[in-house]
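Please read the structure below before turning to the comments.
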Amino acid sequence: MRTFGKIVVIGAGVLALAACGEKQNTAGSAQTSGAAPASASSSAPAAPKGKECTAEDVKTTGKFGEAPTITIPDDCDPPKKLITKDLEPGTGEGAKSGQRLKMNYSLVTWSNKQKLDSSFDRGEPFELPLGAGKVIQGWDQGLQGIKQGARRLLIIPPDLGYGQGDRGIAPNETLVFVTDAVSVPTDKG
């Protein structure tokens, strides 16, 4: 009977390690797509601060075409609604649904304040059909009206991002992007 008990304890330990390895594979799959690994947080959610952050609370540096830095504050809560702010205005007509945009972006996750992904780091803009549901809703909604040459801050709540988590992003994560509109066509081409 003693041997059986040891086998059960060892088996439970192996299962626990396998479960941890599975989480690492999820973060690793994000890394293979050029994203930095996501940090797993085992701590309880942060206590509410009592004030929702605004676009002015999130600090960014860098000009259009340069990889930005994004600093998320510690003294306010993530916003519950989509926030957009043009950091540089751009020129021409604003983007509309159906147009193919080329965007550079940098992504910082709110909970750990770490850069998770950046097309600037890869040196290649990301192409998307605006409003076609091929990207998260926060992009489809938040990039409406952006002009070529514009730099826009997007603060995306979980319901317009990855919701319960995906692609190395934790459940209920608020996403902070700085996006550069590299190409906004003047027609639907």
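The values are calculated or read from the model by the stated rules, or taken from the named source; none is laboratory data. This one's a predicted model, so the numbers in the text were calculated from it and none came from an experiment. Neighbour counts are summed over all protein chains in view; Cβ atoms, including those assigned to glycine, are modelled from backbone coordinates with ideal geometry. Please note that ligands, DNA and RNA were not included when accessible areas were found on the heavy atoms of the full protein model with its side chains. Shrake-Rupley method; radii C 1.70, N 1.55, O 1.52, S 1.80 Å.
Would you call Gly131 in a loop (DSSP other than H, G, I, E, B), in contact with a Gly (Cβ under 7 Å, 6 or more places away or on another chain) and not hydrophobic (A, V, I, L, M, F, W, C)? If you could, list the steps in order and put the result at the bottom.
Details: in a loop (DSSP other than H, G, I, E, B): yes; in contact with a Gly (Cβ under 7 Å, 6 or more places away or on another chain): yes; not hydrophobic (A, V, I, L, M, F, W, C): yes.
Yes.
Based on what the data block shows, is Phe126 under 14 Å from Thr179 (Cα atoms), touching a residue at least 12 places away in the same chain (Cβ under 8 Å), surrounded by fewer than 17 Cβ atoms within 10 Å (Cβ to Cβ) and not small (Gly, Ala, Ser)?
For Phe126, the condition - under 14 Å from Thr179 (Cα atoms), touching a residue at least 12 places away in the same chain (Cβ under 8 Å), surrounded by fewer than 17 Cβ atoms within 10 Å (Cβ to Cβ) and not small (Gly, Ala, Ser) - is met.
Mind counting the residues in segment 143-177 that are β-branched (Val, Ile, Thr) and in contact with a Leu (Cβ under 6 Å, 6 or more places away or on another chain)?
Adding up the residues that qualify gives 1.
How many residues, within segment 108-123, are open to solvent by 50 Å² or more (accessible area, probe 1.4 Å) and either touching a His at 6+ places or on another chain (Cβ under 8 Å) or in a loop (DSSP other than H, G, I, E, B) (or both)? Outline the logic, then answer.
First, pick out the residues of segment 108-123 that are open to solvent by 50 Å² or more (accessible area, probe 1.4 Å): 111, 113-115, 121-123.
Add one more test, that the residue is either touching a His at 6+ places or on another chain (Cβ under 8 Å) or in a loop (DSSP other than H, G, I, E, B) (or both), and what stays is 111, 113, 123.
Looking only at that region, the number is 3.
So, in segment 129-154, exactly how many residues are open to solvent by 30 Å² or more (accessible area, probe 1.4 Å), of a type outside the set (Lys, Arg) and within 19 Å of Gly65 (Cβ to Cβ)?
1
Would you please list the contacts, defined by Cβ atoms under 6 Å and residues six or more apart or on different chains, that run from a residue in segment 165-183 that is among the β-branched types (Val, Ile, Thr) and part of a strand (DSSP E or B) to a residue that is buried (at least 17 other Cβ atoms within 10 Å of the Cβ) and modelled with pLDDT under 95?
Ile169/Tyr162
Kindly list the number of the only condition in (1) assigned to a helix (DSSP H, G or I); (2) modelled with pLDDT under 95 that fails for Thr186.
With (1) assigned to a helix (DSSP H, G or I); (2) modelled with pLDDT under 95 applied to Thr186, the lone miss is (1).
What pairs come out if I take residues in segment 141-153 that are part of a strand (DSSP E or B) and pair them with residues that are open to solvent by 10 Å² or more (accessible area, probe 1.4 Å) and of a type in the set (D, E, K, R) whose C-beta lies under 6 Å away, six or more apart or interchain?
Final answer for the pair search is Arg151/Glu88; Arg152/Asp86; Leu153/Lys85.
Can you pull out every residue in segment 67-91 that is within 13 Å of Ala181 (Cα to Cα) and either in a strand (DSSP E or B) or touching a His at 6+ places or on another chain (Cβ under 9 Å) (or both)?
Within segment 67-91, Asp86, Leu87, Glu88, Thr91 qualify.
Residues of segment 92-106 being polar (S, T, N, Q) and either without any contact (Cβ under 8 Å) to a residue 40 or more places away in the chain or open to solvent by less than 50 Å² (accessible area, probe 1.4 Å) (or both), which ones? It would help to see each step written out before you state the result.
Here is the first cut: in segment 92-106, the residues polar (S, T, N, Q) are 97, 99, 104, 106.
Result: Gln99, Asn104, Ser106.
Would you pick out the residues in segment 68-91 that are open to solvent by less than 60 Å² (accessible area, probe 1.4 Å) and either modelled with pLDDT under 95 or of a type in the set (Gly, Ala, Ser) (or both)?
Result: Gly90, single match.
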